Amino acid sequence: MKTITLATSDTLQLPLRQPVRAVVTEWSKPAPALDRRPVVLHFAYSIGGGGAEAMLMNLAETLDSAQFRTVVVAMNAKPWTHQLKRLHEAGVDVHDLESTTYLNPRTLARLHAVLRAERPDIVQTWTHHADLIGGWVAWLAGVRNVVWSIHCREIHRNPGDSDGKMAFFRRALGFSSRFIPQRIISCSAAAIEDHEAIGYPRDKMRWIPNGINAERFVPDVDAGLDTRAELKLPANAPVIGYVGRLHEMKDLATFLRAAALLQTRVPKAHFVFCGGVEVQLGEVERELLAQLPQRQQVRFDSFRADPWRLYPALSVFSLSSRTEACPMTVIEAMSCGVPCVTTDVGDCGRLLEGIGQVVPMRDPVALANAWEQALQLGATAREEIARQSRQRVLDRFTIAHAAGQYAETYAELVEVKS
C-alpha cells in the first residue's frame, strides 16, 4: 500500500499546478503492471470515529480485490494509525489530504489532483459534506460514476453553523442529488424517506444495511473479564455500556438522567462511555455526571482499536440517541451476544425486533426501567437473547453480505470482467 501526501510542509513541496507526485511511506509497494480492475475511490473526512467510517473500513477490507481495486482518500487520516495499518494489510491505497477544512482551495486542488492521477471508475463519498464537496470535485475531474452515502437521518450542524447556512446546505444537497450521483446508498430504510423529503430522487436510492466482521465480534467471556480488569470494573458488577461519539445527537443527557435513576435502585451499577473523554461532554452533561449517586462508578474510554473486546465486558449495551440511521454499534453488540436497549429511532427497532428493547427518546424513566429489566434476566434468558442476536447478525448484517450488495451496485455502473 502507498500512503500519499501531496504538497505538505513536512514532505515534498510542489506547486499545485504541477503533475502529482507521491511521497511513498515504508508501507509502499509497487502497483501491479497492467492492472485492469475497475478502481473504486472512496472519499471521506476520516477513517475512524464513527459508524460511517467503520463501515467504510469494513467495506475496504472486504470488497473483492480480484474484482475491484480500492483506493481511500481521507481529509485527515493521520490520527487513525490502527485503521491505516488495517488498510495497508488489506492492500488498499490511501491518500491523506492532511486537511481539516473541505472548502480550503488547496485541499480542493489536492483532491482534484488525486482524482486525475488515480482516474477512478467510481467515486463513492461518505456523509453529507463529503457527498456535496467530493461529488462536485469528482464531476469536475471527469468522473461520472459517483455514489453518495447516507449514514444519518438528519444533516448534522457543525459548531457555528447558522440556520441560514444549514438551509442553504440542505437545498444544495437536494439540488445536486438530482444529477451528481448515479446511485445513493443508504444504510437505513428510515433515512431514505427523510432524504426523499429534501429532494433526493427515490429511484437513485438503494438500501444496504451496515455490516460487520462477525468473526471478529464474537461472544468472548475471557476478553470481557480482561477488559473489566483493564477498566477497573468489578468482575461481577452490572455494567451498562455506550460506544460512540460524545455528540449532542446521542442525547447523553437522557442517558445520564437514566443512570441516576438506575443507581438509586441498583447501587452497584457501573457505566462505561467508550468514544471520548469527560471534558468533551457538554455543560449540562457534565453537571448531570457530577450529580450521579455513584459518580466513581463511571468510566470513560477513548475510541478503542479493539472494540470487540469491550462489548463482552458489558451486561447491557445502550443508546439514548434522539436520531440514528442503522447504528453499527448495536450490530456489533448483538454479534457479541450482549442484550441491547436503545431509543426507538432510525432502524433500531428493525435491528432489535423481538430480541431487544426500544424505548421512546428523551424518556430517562423508560430507559432506566428497560436497563433494570435487562439486568434482571436469568442466565437461560440471557443465553437465548445472545444466541438469537448473533444469529440475526449472521443472517442479515455481515460485511460479506453488505460488500456483495455494494459490488452489485458498482457492477451496474461499470463493466466488470469476471
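From E332, E383, E324, E372, grab the single residue that is part of a helix (DSSP H, G or I), among the charged types (D, E, K, R) and crowded, with 24+ Cβ neighbours inside 10 Å. Can you show your working first?
Working: E383 fails: crowded, with 24+ Cβ neighbours inside 10 Å; E324 fails: part of a helix (DSSP H, G or I); E372 fails: crowded, with 24+ Cβ neighbours inside 10 Å.
From the options E332, E383, E324, E372, the qualifying one is E332.
Please name all residue pairs, on different chains or six or more residues apart, with Cβ atoms under 7 Å, provided the first residue is in the stretch 373-396 and is within 19 Å of F217 (Cβ to Cβ) and the second residue is β-branched (V, I, T) and in a helix (DSSP H, G or I).
If the second residue must be β-branched (V, I, T) and in a helix (DSSP H, G or I), the pairs left are V393/I331.
Going by what's in this entry, would I355 be described as touching a strand residue (DSSP E or B) at 6+ places or on another chain (Cβ under 6 Å) and closer than 25 Å to V218 by Cα?
Values: touching a strand residue (DSSP E or B) at 6+ places or on another chain (Cβ under 6 Å): no; closer than 25 Å to V218 by Cα: yes.
Here the answer is no, as I355 does not meet what is asked.
Please verify whether V365 is without any contact (Cβ under 8 Å) to a residue 40 or more places away in the chain, in the same structural domain as E278 (by TED's automatic domain parsing) and not in a loop (DSSP other than H, G, I, E, B), treating the condition exactly as stated.
Values: without any contact (Cβ under 8 Å) to a residue 40 or more places away in the chain: no; in the same structural domain as E278 (by TED's automatic domain parsing): yes; not in a loop (DSSP other than H, G, I, E, B): yes.
When the stated conditions are applied, V365 does not pass them.
Are any residues in the stretch 53-82 in contact (Cβ under 8 Å) with a residue 24 or more places away in the chain, in a helix (DSSP H, G or I) and over 23 Å from I185 (Cα atoms), and if so, which ones? I'd like the intermediate steps shown before the answer.
In the first step, residues of the stretch 53-82 are kept if they are in contact (Cβ under 8 Å) with a residue 24 or more places away in the chain; the result is 53-77, 79-80, 82.
Next cut, in a helix (DSSP H, G or I) only: 53-62, 82.
Answer for the stretch 53-82, where residues must be in contact (Cβ under 8 Å) with a residue 24 or more places away in the chain, in a helix (DSSP H, G or I) and over 23 Å from I185 (Cα atoms): just H82.
With respect to N213, is the statement that it is at pLDDT 95 or above and loosely packed, with under 14 Cβ neighbours inside 10 Å true? Outline the logic, then answer.
Numbers: at pLDDT 95 or above: yes; loosely packed, with under 14 Cβ neighbours inside 10 Å: no.
So N213 does not fit the description; no.
So in the stretch 386-405, with the set limited to residues that are part of a helix (DSSP H, G or I) and of a type in the set (V, I, T), which one is farthest from the chain's Cα centre (by Cα)?
Kept after step one, since they are part of a helix (DSSP H, G or I), are these residues of the stretch 386-405: 386-396, 399-405.
With the extra rule that they be of a type in the set (V, I, T), the set shrinks to 393, 399.
Details: V393: 17, I399: 13 Å.
In this case the residue turns out to be V393.
Within the bounds of the stretch 301-314, is there any residue that is surrounded by 13 or more Cβ atoms within 10 Å (Cβ to Cβ), assigned to a strand (DSSP E or B) and within 22 Å of the chain's Cα centre (by Cα)?
Within the stretch 301-314, one or more residues are surrounded by 13 or more Cβ atoms within 10 Å (Cβ to Cβ), assigned to a strand (DSSP E or B) and within 22 Å of the chain's Cα centre (by Cα).
If you go through the stretch 51-82, how many residues are within 15 Å of N213 (Cβ to Cβ), of a type in the set (G, A, S) and in contact with a Leu (Cβ under 8 Å, 6 or more places away or on another chain)?
1
So if I check each of E154, E118, which one is of a type in the set (D, E) and closer than 25 Å to V73 by Cβ? Spell out how you get there, then give the answer.
Details: E154 fails: closer than 25 Å to V73 by Cβ.
The match here is E118.
Give all pairs with beta carbons closer than 6 Å in which a residue from the stretch 334-345 that is at positive phi meets a residue that is of a type in the set (A, V, I, L, M, F, W, C) and modelled with pLDDT of 95 or more; count only pairs at least 6 apart in sequence or on separate chains.
G337/A386
Please state which one of D203, D226 is surrounded by fewer than 19 Cβ atoms within 10 Å (Cβ to Cβ), modelled with pLDDT of 95 or more and either of a type in the set (K, R) or under 30 Å from V143 (Cα atoms) (or both).
D203
Could you check the stretch 298-333 and list, in sequence order, the residues that are closer than 23 Å to P79 by Cα and of a type in the set (F, W, Y)?
Those that are closer than 23 Å to P79 by Cα and of a type in the set (F, W, Y): F300, F303, W308.
Collect the residues in the stretch 352-369 that are surrounded by 15 or more Cβ atoms within 10 Å (Cβ to Cβ) and of a type in the set (V, I, T), keeping them in residue-number order.
I355, V358, V359
Test each condition in (1) surrounded by fewer than 18 Cβ atoms within 10 Å (Cβ to Cβ); (2) in contact with a helix residue (DSSP H, G or I) (Cβ under 9 Å, 6 or more places away or on another chain); (3) under 18 Å from R153 (Cα atoms) for V284 and report the one that comes out false.
(3)
What tally of residues in the stretch 255-281 results from selecting those that are within 24 Å of P360 (Cα to Cα) and either of a type in the set (A, V, I, L, M) or surrounded by fewer than 20 Cβ atoms within 10 Å (Cβ to Cβ) (or both)? Show your work before the answer.
Kept after step one, since they are within 24 Å of P360 (Cα to Cα), are these residues of the stretch 255-281: 255-266, 269-275, 281.
Next, from what is left, pick out any that are either of a type in the set (A, V, I, L, M) or surrounded by fewer than 20 Cβ atoms within 10 Å (Cβ to Cβ) (or both): 256, 258-262, 264-266, 269, 272, 281.
Selection size over the stretch 255-281: 12.
On the given criteria, is W126 among the aromatic types (F, W, Y), crowded, with 20+ Cβ neighbours inside 10 Å, free of Cβ contacts under 8 Å to residues at least 60 places away in the same chain and under 18 Å from D194 (Cβ atoms)?
Details: among the aromatic types (F, W, Y): yes; crowded, with 20+ Cβ neighbours inside 10 Å: yes; free of Cβ contacts under 8 Å to residues at least 60 places away in the same chain: no; under 18 Å from D194 (Cβ atoms): yes.
So W126 does not fit the description; no.
Quick one: Q405 ticks every box in (1) surrounded by 19 or more Cβ atoms within 10 Å (Cβ to Cβ); (2) not assigned by TED's automatic domain parsing to the domain that holds L292 bar one, so which box is it?
Every condition holds for Q405 apart from (1).
The values are calculated or read from the model by the stated rules, or taken from the named source; none is laboratory data. These figures come from a predicted structure and were not determined experimentally. For neighbour counting, all protein chains shown are included, and Cβ atoms are generated from backbone atoms with ideal geometry for every residue, glycine included.
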